[in-house]
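The structure appears below as structure tokens.
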Amino acid sequence: MEFSKKTTILTSIRHIYRKRLFLPAIYLLFLAVLWSVTPVSELAVPQHVSAEIPFRELSGGRTSYAALTLTDLHFTGYAQKILGYTNGYYYYTFQDGKCILVLLAPATCKEGTPQIGQLRIRVRILRNFEDYDALTQRLAEDLAWTASGIRSQIPDYLLSEPGFHKLLSFLLLAVYAAGGAYALGNLLASLAFLLFPALSGSYRKLGKYGNAKKLFAQAEEEFLSEPKTVSDNVYLTKNFLISFTQQQAVIVPVREILWIYKHGKLRRFFWHPLPVSFTLHIWAGKRVHIAYPQMKEPAIDNMIEHLTHANEEILVGLNEDHRRTTVTHL
């Protein structure tokens with residue numbers, strides 16, 4: 001944000017939070033699209049199906065997950081195994097003149113109970129499932145039918161309780177809900193700070209050093225009367241250090257700054273050395289820490305020079321003595 005005569009701290013704070021509305025709004029829109037075009041909504045609120053399963057709805061493919069009540073279930077005698085582990089047991093029931101195949105979790109059917117009178121479960125509706133041909137062939141042999149004859153009575157979809165993936169479904173919904181809550185919280189907070197800048201962190205933190213309203217008014221007045229630019233979007237007035245980033249505005253009384261130092265980080269891209277990345281750290285009273293990452297070293301040196309000139313008691317440089325001294329005054 002470039003400074004101009006018409007720019008004030010208040011308008012700058014509003015500008016920051018106006019820009020911060022964009023990302024959470026886009027993310028919430030993305031979640032809304034996911035809700036409408038993927039089965040996420042069915043995982044969160046599975047479609048409830050009554051005891052009489054509407055065969056035409058299931059075969060129509062309009063839903064992938066459902067909560068339903070099944071009656072008069074019979075064990076086929078076959079189980080589904082994955083890598084030697086029993087994933088479920090195949091059952092069948094009759095609805096609308098059709099034989100419906102159901103895969104129950106081992107715990108639900110107690111490892112293959114012969115008959116189950118009534119059962120309420122959540123299932124995933126799998127169409128053209130992998131075991132259909134092998135299972136119907138085995139059933140045809142057991143009943144002395146032809147495979148084609150039994151397949152005409154058994155649709156090629158499966159109501160799979162293990163397919164609902166309860167743990168994975170829970171984790172997916174938890175991530176979805178947490179992401180949505182975080183984005184919504186950020187959106188509402190940014191909107192509140194946009195409409196009421198006095199609620200923002202940069203304003204409230206001034207209250208640590210006295211009357212926030214008076215200090216903010218003083219900073220605003222000094223900011224509008226020829227502030228000294230010490231780096232990009234960083235300004236120094238007679239009594240305040242003021243800066244603006246993409247995330248926040250910083251307003252700190254110069255007299256409260258205790259310690260400043262730069263920290264360099266060596267970087268490499270594979271075996272190629274990259275320019276050193278510098279970060280300027282500023283510690284002020286009341287445990288206020290400000291970091292300016294990825295600054296050029298001349299800009300950092302310029303800021304240090306201006307700040308130490310404004311407050312000669314500031315400790316400069318990263319060493320243990322300065323750290324201990326600063327800790328005792330925080």
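The values are calculated or read from the model by the stated rules, or taken from the named source; none is laboratory data. Since we're looking at a predicted model, the values are computed, not measured. Every residue, glycine as well, gets a Cβ built from its backbone with ideal geometry; the counts of neighbours run over all protein chains shown. Heads up: the accessible areas ignore ligands, DNA and RNA and are worked out on the full protein's heavy atoms, side chains in. Shrake-Rupley method; radii C 1.70, N 1.55, O 1.52, S 1.80 Å.
Tell me the net charge near V288. Cut-off is 11 Å between Cβ atoms, V288 excluded, with +1 for each Lys or Arg and -1 for each Asp or Glu.
Numbers: positive: K205, K208, K286, R287; negative: E256.
That sum, taken over residues with Cβ under 11 Å, equals +3.
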Leaving ligands, DNA and RNA out of it, work out the accessible area of V230 with a 1.4 Å probe and give it in Å² to the nearest 10.
10
Between A25 and Y92, what length in nm is gained on full extension when 0.36 nm per residue of separation is reduced by their alpha carbon distance?
19.4 nm
Over region 249-330, what lengths in whole Å, largest first, do the semi-axes of the equivalent ellipsoid take, defined as the square roots of 5 times the eigenvalues of the alpha-carbon gyration tensor?
26, 14, 11
Report ³J(HN,Hα) in whole Hz for each residue of region 238-254, in order, from the Karplus equation J = 6.51 cos²θ - 1.76 cosθ + 1.60 where θ = phi - 60°; Gly and Pro get x.
4, 10, 9, 9, 10, 9, 10, 10, 5, 9, 6, 9, 10, 10, 10, x, 4
Using a 1.4 angstrom probe, figure out how much accessible area the chain has per residue, in square angstrom, rounded to the nearest whole.
58
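Per the 1.4 Å probe, what fraction of the accessible area of region 147-213, in percent, lies on carbon and sulfur atoms?
On the way: 2600 of 3560 Å².
C and S atoms contribute 73 percent here.
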Kirkwood hydrodynamic radius of region 192-302, Cα pairs, Å
15.4
Approximate spin-label separation I82-T69, in nm, with each point projected 7 Å along Cα-to-Cβ:
3.0
Can you give the Rg to Rh ratio for region 84-173, taking only C-alpha atoms and Rh from Kirkwood?
0.98
In Å, the C-alpha Rg and Dmax of region 166-253 are 18.6, 63
Rg and Dmax of region 235-297 over Cα atoms: what are they, in angstrom?
14.4, 47
Per GNM of the chain with C-alpha springs under 10 angstrom, the most fluctuating residue out of K19, K208, K265 is K265
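Using a 1.4 angstrom probe on heavy atoms only, work out the carbon and sulfur share of the accessible area of region 64-146 in %. Walk me through the intermediate numbers first.
On the way: 2230 of 4530 Å².
Roughly 49 percent of what the probe reaches on region 64-146 is carbon or sulfur.
What is the sum of charges, Lys and Arg at +1 and Asp and Glu at -1, for the other residues whose Cβ falls under 13 Å from the Cβ of E161? All intermediate terms of the calculation are to be shown ahead of the outcome.
Values: positive: R120, R122, R124, K166; negative: none.
Local charge sum for E161: +4.
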Points 7 angstrom from Cα along the Cβ direction at H329 and A299: gap in nanometres?
2.7
What helices does the chain hold that run 27 Å or longer along their axis, going by alpha-carbon atoms, with a Kyte-Doolittle average of 0.0 or more, using DSSP H for the helix calls?
166-195
FRET efficiency for T11 and W35, Cβ-Cβ distance as r, R0 = 35 Å, nearest 0.05?
0.45
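Multiply the residue gap between N211 and Q137 by 0.36 nm, knock off their C-alpha separation, and tell me the result in nm, one decimal place.
Details: separation 74, 0.36 × 74 = 26.64 nm, distance 8.27 nm.
Extending this stretch completely gives an extra 18.4 nm.
What 222 nm value per residue comes from the helices of the chain, counting each DSSP H run with n ≥ 4 as -39,500 (n - 2.57) and dividing by all residues, nearest 500 deg cm²/dmol?
-11500 deg cm²/dmol
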Kindly give Rg over Rh for region 109-268, based on alpha-carbon atoms, with the Kirkwood expression for the hydrodynamic radius.
1.44
